[in-house]
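The next block holds one structure in the form of structure tokens; read it before the comments.
The values are calculated or read from the model by the stated rules, or taken from the named source; none is laboratory data. Since the structure is predicted, the reported quantities are computational estimates derived from the model, not experimental observations. Positions of Cβ are generated from backbone atoms using ideal geometry, with glycine treated the same way; all protein chains shown enter the neighbour counts.
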Amino acid sequence: MSDYIIETRNLTKKYGNQASVSELNIHVRKGRIYGLLGRNGAGKTTTMRMLLGLTVPTSGEVRIFGNPIQGNEKKILPRIGSLIESPGFYPNLTATENLKIFAKLRGLDNENYIKRALELVNLPYRDKKLFSQYSLGMKQRLAIALAVMHDPAVLILDEPINGLDPIGIAEMRSFIRELCDVKGKTILISSHILSEISLLADDIGIIDHGKLLEEESLAELEQKNRHYIHFTVSDSRQAAHLLETVFQTRTFKIRDKNNIQLMEMNLPVASITRCFVENGLEVSEAHLCEETLEDYFKKVTGGEGIA
Amino acid sequence: MLNLIAGEFAKLKRKKIVPFIVLLSLLFPLLVVYSSKMGMGNDTSVEFLKGRFDLSYTMMLGYGLVFLEPCLLGILASMLFFMERDNDTFKNLCVIPVTTSRLIAAKLSAVLIYGIFYTLCNFTFMTFFTWILNAGIIYDIGFKLAFSFIFGIGITIATLPVIVFIIYFNKSYLISTLLSFFYAILNWSVLSIVEINLSLVKIINLFPTLCLMNWSSKKMLDRMADRHLLPEAYLLFPSDIWAFVVLGITLVLSLLLMLNFYKKWTR
Ligand SMILES: Nc1ncnc2c1ncn2[C@@H]1O[C@H](COP(=O)(O)OP(=O)(O)OP(=O)(O)O)[C@@H](O)[C@H]1O
Ligand SMILES: [Mg+2]
């Protein structure tokens, strides 16, 4: 048995000739928040639907709790809470009535489940308001209440902060964080908002055009979020030689004939420049650069960027 | 399963269809009893008055239920079956997990319960109005009540073909309503064709609704106080086995098709 709670093996979904998800291998570890990041149409929702058995994969396999989901729905699904795309509820019923229908089907006879779930997302219990009269954010909250109502071990949330206001987003973030840290739940969330994922997720998978481009922990990613000093000099090879011999560092990258980037940040820029000049180099530029996560994502998704 | 069926009823809360069904089950019997009262004349013999009650009852079944109820149930079914599609709730049910076949079974059970409920309501109100308007002697209640119950089941089965079409076309409520009306009209027209040409009499009993109607007439006639029918009329009546087979085939075929179509568009 693997130590992954959710795992996909070459998961592929084709609609006609077009592959919405292709050869996807994601690995969600126990007790962690996994953020699936991708642009609109990248295949996040399709992936999540396949995880839940709502969509049948063209090929490949989904394993949850170490077992394939196909054929084990009865065993696996009750331990998962999910929110896929837009909230789906009956418009002619109130929030409580809506949850009651699903609670009964889940075998939760106690009204307290409903009450507690609504409390968690800050919606009133036994409110008279019908679902059709709810605002977008309220609908989203209700959908999250439905996802957590039966206290599942795993949560699969597709763009959970959709439609929430800034305070709501912050609340939702700490709520999800708490579910993971305090209750030890494993959570898979998707988003097209980079900052959201970087604030919340422990592990990140970047998906673009149905393919998984990167999968690593946030910590690893943040290392890629590097600062460096960029020099434009008359001869970058000589500059490199000077850095090696005088400053004893090899953490640099020669970009071209005139450009060199120094990764090590604790060397004094002033004395490096002086050293370059003293050795007959012309220094036309020296500045601090920062490659943010966003730049990084732009790079992995092929320059189109994620926002 | 019980929870699923209860859920189907809960989902209809605040929908206009429920009071509408009750209202209709009130109005139609009133109409029937009233027309039967109008044609009463001066005969006050017990036989005749019993006959009036029988007449009201058969009119209620023959016109009110055979043609109206498939319409009503069709509309109700389209509500139930489109509900998940229109509100995007199917995914929430799937992840519980609820299978398509169980969901269909629950929805059809709800339709069946409404079908029986509507039939019994009709009967109750018909009896009530007969008593209020003094339009006949009320008798043989037990049989009529039990028969209403069986009839309710039968008419629900006879409605299944419409539901198959409704699911197949998978369109708006309006189209489904039209389909339901079309079904009623189809039944009417088949019936009138046969009235013109009695040699077609065998065809008519292939239609589940009409077969049920004729079978019910036969059952009623066997029971009734006065029988003044032409011998040809008896040609119309299907045997018990025939009725059973026609409805049985309708049931099985409809269920298979429904499952097939519903699965197709929930994928
Ligand atoms: N039922 C379907 N039939 C045909 N194509 C589909 C279907 N569902 C999804 N697709 C296609 O699959 C691709 C991925 O869609 P998906 O909904 O998974 O994207 P997403 O990452 O969730 O995007 P978003 O951020 O907009 O929610 C899209 O190109 C979409 O057009
Ligand atoms: Mg999506």
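Quick check, is A:S195 at pLDDT below 85 and surrounded by 14 or more Cβ atoms within 10 Å (Cβ to Cβ)? Full working, then the answer.
Working: at pLDDT below 85: yes; surrounded by 14 or more Cβ atoms within 10 Å (Cβ to Cβ): no.
No, not satisfied.
Identify the single condition in (1) modelled with pLDDT under 90; (2) within 25 Å of A:M50 (Cα to Cα); (3) more than 14 Å from ligand 2 (Cβ to nearest atom) that A:D165 does not satisfy, given that it satisfies every other one.
Among (1) modelled with pLDDT under 90; (2) within 25 Å of A:M50 (Cα to Cα); (3) more than 14 Å from ligand 2 (Cβ to nearest atom), A:D165 violates only (2).
Would it be correct to say that A:I260 is surrounded by 13 or more Cβ atoms within 10 Å (Cβ to Cβ) and part of a helix (DSSP H, G or I)? Walk me through it before giving the result.
Numbers: surrounded by 13 or more Cβ atoms within 10 Å (Cβ to Cβ): yes; part of a helix (DSSP H, G or I): no.
No; evaluated as a whole, the condition is false for this residue.
How many residues does region A:30-68 contain that are in contact with a helix residue (DSSP H, G or I) (Cβ under 6 Å, 6 or more places away or on another chain) and β-branched (V, I, T)?
Within region A:30-68, residues that are in contact with a helix residue (DSSP H, G or I) (Cβ under 6 Å, 6 or more places away or on another chain) and β-branched (V, I, T) number 4.
Here are the criteria: (1) under 22 Å from B:K15 (Cβ atoms); (2) without any contact (Cβ under 8 Å) to a residue 12 or more places away in the chain; (3) surrounded by fewer than 23 Cβ atoms within 10 Å (Cβ to Cβ). Tell me which single one B:T124 does not satisfy.
(1)
Take residues that are within 19 Å of the chain's Cα centre (by Cα) and tell me which of the helices (runs of 4 or more DSSP H) falling wholly in region B:127-222 contain 3 or more.
Those helices (runs of 4 or more DSSP H) span B:141-169, B:173-196.
Tell me, which residue of region A:34-59 that is loosely packed, with under 14 Cβ neighbours inside 10 Å and among the small types (G, A, S) is nearest to A:M149 (Cα to Cα)?
Residue satisfying both the conditions and the ranking: A:G41.
Please identify the pairs in which a residue from region A:182-209 that is assigned by TED's automatic domain parsing to the domain that holds A:G35 has its Cβ atom under 7 Å from the Cβ atom of a residue that is away from ligand 1 (no atom under 13 Å from the Cβ) and basic (K, R), counting only partners at least 6 apart or on another chain.
So the pair list comes out as A:T186/A:K30; A:T186/A:R32; A:L199/A:R173; A:L200/A:R173; A:L200/A:R177; A:D202/A:R32; A:D203/A:R29; A:D203/A:R32.
List the strands (runs of 3 or more DSSP E) inside region A:130-238, counting only whole elements, that have at least 1 residues being under 14 Å from the mean Cα position of the chain (by Cα), away from chain B (no Cβ under 14 Å) and within 15 Å of ligand 1 (Cβ to nearest atom). Before you say what the answer is, go through the steps one by one.
Details: elements: A:154-158, A:186-191, A:203-208, A:211-217, A:227-233.
Correct list: A:186-191, A:203-208, A:211-217.
Identify all residues within region A:21-45 that are small (G, A, S), within 21 Å of A:P68 (Cα to Cα) and within 16 Å of ligand 2 (Cβ to nearest atom); write none if there are none.
Residue satisfying the conditions is A:G43 alone.
For region A:60-107, enumerate the residues that are surrounded by fewer than 19 Cβ atoms within 10 Å (Cβ to Cβ), farther than 23 Å from A:D158 by Cβ and touching a Phe, Trp or Tyr at 6+ places or on another chain (Cβ under 9 Å).
A:G66, A:N92
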